[in-house]
Amino acid sequence: MTFRLQRVRTMPPVLQPNILYVAEHYGAAAHLCACGCGSKIRTPLGPTEWSVQDTPSGPSLLPSVGNWQKPCKSHYFIERGQILWAAQWTEEQIRAGRRQEQRRRDVYYAELDRQRGGVFARLWHWFRSLF
Ligand SMILES: [Zn+2]
């Protein structure tokens, strides 16, 4: 199975398999789970989220896609249009992955904060305190 990139203005309500939809304006990408289960997988794009790279042989989506919240729990990379299956994570690995993601955001916003003088950190801490 290979993926190709399709740039859209807004996400279509029904996704076709094997297409990585990118709505740049909304900082969003979406595709149907590569295992074929039909789950819609949304991956926000941004400096601390996912990034899409278009290559002549197809799109790359980084980091990997881990559908832990879906019944299939599949985990894969989309690299140059190809699906590279990755090991399924244990509960512990999923928790560790989430912590790592959180750290990445903390570091990113701390750096923004340093550059912009404190507003972002206050907003971010307020935002985090909601959860
Ligand atoms: Zn699936």
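What is the angle, in °, between the Cα long axis of helix 119-129 and the longest principal axis of the Cα atoms in the chain? Nearest 10 is fine, range 0 to 90.
70 degrees
Can you say what percent of the DSSP beta bridges in the chain, counting only those with both residues inside, are antiparallel? Round to 5.
Percentage antiparallel, nearest 5: 80.
Which whole-Hz couplings ³J(HN,Hα) result when phi for each residue of region 21-33 is put into the Karplus expression 6.51 cos²θ - 1.76 cosθ + 1.60, θ = phi - 60°, listed in order with x for Gly and Pro?
Values per residue, Gly and Pro as x: 8, 10, 10, 4, 4, 9, x, 9, 10, 8, 7, 8, 3 Hz.
So if R0 is 30 Å, what FRET efficiency would T2 and Q93 give, r being the distance between their Cβ atoms, rounded to the nearest 0.05?
For R0 = 30 Å, the calculated efficiency reads 0.65.
Between H125 and K40, 0.36 nm times their residue separation minus their Cα-Cα distance comes to what?
Value of the extension gain: 27.6 nm.
Between N18 and A110, 0.36 nm times their residue separation minus their Cα-Cα distance comes to what?
Here the answer is 29.4 nm.
According to the square roots a ≥ b ≥ c of the eigenvalues of the Cα gyration tensor, what is the shape class of region 1-114, taking rounded for a/c under 1.5, prolate for a/b larger than b/c otherwise, and oblate for the remainder?
Oblate, because a/c is 1.5 or more while a/b does not exceed b/c.
How much length is gained if the chain between S51 and W85 is pulled fully straight, taking 0.36 nm per residue apart and subtracting their Cα-Cα distance, in nm to one decimal?
Extra length from S51 to W85 when fully extended: 10.4 nm.
Shape call for region 26-85 from the C-alpha gyration tensor, a ≥ b ≥ c root eigenvalues: rounded (a/c under 1.5), prolate (a/b greater than b/c) or oblate?
Judged from the Cα gyration tensor, region 26-85 comes out oblate (a/c at least 1.5, b/c at or above a/b).
Can you tell which of R104, R116, R95 shows the greatest fluctuation in a Gaussian network model of the chain with Cα springs below 10 Å?
Of the options given, R116 has the highest mean-square fluctuation.
I want the local charge near W89. Using Cβ-Cβ distances under 14 Å, sum +1 for each Lys or Arg and -1 for each Asp or Glu among the other residues.
Neighbour charge sum, excluding W89 itself: +2.
Bear in mind that the values in this text are calculations on the coordinates, not laboratory data. Predicted model, so just to flag it, every value in this text is computed and none were measured. As a convention, Cβ positions derive from the backbone with ideal geometry for all residues, glycine included, and neighbour counts pool all protein chains shown.
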